[in-house]
Amino acid sequence: MVYCQAPGWSAASFAIYKEGATWEARRCWLQAVPGFATRCRPLPMSGWSSGPTKSPQPHRLDDVPPPPAPFAHRLVSLKSGTVNSMFNINTKEMLGGGKFGEVRTCTERATGLKLAAKIIRKQGSKDKEMAMVEIEVMNQLNHRNLIQLYDAIETPREIVLFMEFVEGGELFERIIDEDYHLTEVDCMVFVRQICDGITFMHQMRVLHLDLKPENILCVASTGHMVKIIDFGLARRYNPREKLKVNFGTPEFLSPEVVNYDQVSYSTDMWSLGVITYMLLSGLSPFLGDDDTETLNNVLEAKWYFDEEAFEGISEEAKDFVSNLIIKQKSGRMSAAKCLQHSWLNGLAEKAKRCNRRLKSQVLLRKYVMRRRWKKNFIGVCAANRFKKISSSGSLTALGV
């Protein structure tokens, strides 16, 4: 295998490339990096290796719901205080980050309880308003498929939300593991649990408005237990009032959000349809070369079942997706209707005859690798920009 390095590939990019434990992981990684070409034999779509395959084993249905949080549901209010006096935040382990700030693991000093700390930087009055909305929303969501809020502390510079910690990682990261055997029944169990969480949210008149793979976490490294996280963009919803939003992740946005039209419960259902499509096929139905193209694709709402990617996928699954990714909001199934759909029922019987490994694992691996590269590229560019600004002693380039 020959790799041709593109000019300017950073050491940080190479470090992430090395995280791939197998040659196939590295191959997928390099294909996702612009400027790289690979020459190798095609990867068999039926699995990770072209070597001898074992006879399929009977698929064991594991649809146990996730356990509740290790603490009783709380009605949390934001209070002023010193974080370090109550919690020990792990400065070496970051779970995630974004424009809002970062998420780290932490431990409550009094009890030893391990939690996730969402640290929000206060850069303006809107940051506190957003945090207050997130707290208000989470106070309504007492459900085992929804991450739970434990405490909230405000300091002069930050607001820290302390939440239930789960250690299984992102759903897509879990299922691309080469030792994981993803079947259509697995997808049914995952989607059913997501629907359980959405159903409760909507019963409590809450819209998530940012449903995407990164916001679906596995409770553990085994099993099918998942929880919906990140209610930073969620909103309380009154059907009698017009609610419009202009935020979210482009490839999971619904047409009404892109058009800045009124949103509703069905807005979350579009996003669920896109996530389900990706689980089954490994393809993102509206993803373009850039955000503008992606948003235009969403507005057109033209999509299809790729013949090769959906080979072997049941008609029930296709019908489920087809009743969610619909441009007209009123045509989409509700979360409660999803739970009644034939695809999400009779799982025990389906598990006895469904053990075919989905092709989507290979394509999802490439998707996740590309996403990692993009995040790393943005981080390196930001670091280089900050370095130049620091050396010149000016902050004008950042618009500060």
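The table for this structure:
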| quantity | calculated |
| --- | --- |
| Sparsely packed GluC sites (Glu not before Pro) within region 303-344, loop by DSSP, other Cβ within 10 Å at most 14 | Glu307, Glu308, Glu311 |
| Cross-link reach list, aspartates and glutamates versus Lys302, counting only Cα pairs under 18 Å and skipping chain neighbours closer than eight places | Glu251, Glu256, Asp289, Asp290, Asp291, Glu293, Asp319 |
| In region 237-271, trypsin sites (Lys or Arg not before Pro) in a DSSP loop with at most 10 other beta-carbon atoms within 10 Å | Arg240, Lys242 |
| Efficiency of FRET between Ser322 and Ser85 - r from beta-carbon atoms, R0 45 angstrom, step 0.05 | 0.25 |
| Value of relative contact order over region 197-262, rounded to a whole percent, pairs C-alpha under 8 Å and six or more apart | 31 |
| Calculated FRET efficiency for the pair Asp179/Glu315, C-beta based, R₀ 22 Å, to 0.05 | 0.15 |
| Prolate/oblate/rounded call for region 313-365, Cα gyration tensor, a/c under 1.5 rounded | oblate |
| Paramagnetic reach from Leu347 in region 178-213 [backbone N under 14 Å; point 7 Å along Cα→Cβ] | 183-198 |
| Cα gyration tensor shape for region 153-288, rounded if a/c is under 1.5, else prolate or oblate | oblate |
| Cα gyration tensor shape for region 280-348, rounded if a/c is under 1.5, else prolate or oblate | oblate |
| Förster radius 45 Å - calculated FRET efficiency between Arg109 and Glu307 (Cβ-Cβ, nearest 0.05) | 0.20 |
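Each reported figure results from applying straightforward, stated rules to the coordinates on display, with no laboratory input. For clarity, every value in this text was computed on a predicted model and none was experimentally measured. Cβ sites come from the backbone with ideal geometry, for glycine too, and all protein chains shown count toward neighbours.
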